[in-house]
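The values are calculated or read from the model by the stated rules, or taken from the named source; none is laboratory data. Quick caveat: nothing in here was measured; it's all calculated off a predicted structure. Positions of Cβ are backbone-derived with ideal geometry, glycine not excepted, and every protein chain shown enters the neighbour counts. Heavy atoms of the whole protein, side chains included, go into the accessibility calculation; ligands, DNA and RNA do not. Shrake-Rupley method; radii C 1.70, N 1.55, O 1.52, S 1.80 Å.
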Amino acid sequence: MADSTAGLLLQEVRATIERMPARGERLARHLRRRTQAWVAWIRRQAASALSLAEATRFSADFRERGARVMNELDARRVQILARLQRQATGVVEPVLRRLPVARRDELADLQQQLAGLERRLEALARERAA
């Protein structure tokens, strides 16, 4: 019985040894597939991170470009308004010269003269009252 038990153990050891290459190959295939899947996952993650970085950079570029365009439009608006004002003044001024209408500088001079006359009248009124 001891011989038969030893024989069975020996057969089991031989069978196990004979199965080892097949198991090793299966293990190697499994490791290879897992490694390939892991590498593919890492590549997808890296590509996703790059895409996110590019999208963020694109968004920042887009915002900067939009801000530049808005500044340029604002500057252009100021230029157009100034040009329109000059053109309107150029058209209206000759008409106003022909009409009996006082200009701003003439009105300012008249106000100063009026203020001077009021001061002189007040001074005369004080002299007569005294």
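Computing the accessible area with a 1.4 Å probe over protein heavy atoms, can you report the carbon and sulfur percentage for the chain?
On the way: 7510 of 12460 Å².
Using a 1.4 Å probe with all protein chains present, the chain comes out at 60 percent carbon and sulfur.
Solvent-accessible area per residue in the chain equals 96 Å², computed with a 1.4 angstrom probe and all protein chains kept.
Once you have the Cα-Cα distance between ARG63 and ALA75, take 0.36 nm times their residue separation minus that, and quote the gain in nm to one decimal.
Working: separation 12, 0.36 × 12 = 4.32 nm, distance 1.84 nm.
Net length gain for the segment: 2.5 nm.
Can you give me the convex hull volume of the Cα atoms of region 33-89, divided per residue and expressed in Å³? Walk me through the numbers before you get to the answer.
Values: hull volume 2.2 nm³, N = 57.
For region 33-89, the hull spanned by Cα atoms encloses 38 Å³ per residue.
Kirkwood hydrodynamic radius of region 58-130, from the reciprocal of the average inverse Cα-Cα distance over all distinct pairs: 17.6 Å. Farthest toward the positive end of the dipole of region 1-109, out of THR16, VAL69, GLN87, is the Cα of THR16, where the dipole comes from beta carbon charges about the Cα centre.
Normalised by 2.2 N^0.38 Å, with N the number of residues, the alpha-carbon radius of gyration of region 1-124 equals 3.51.
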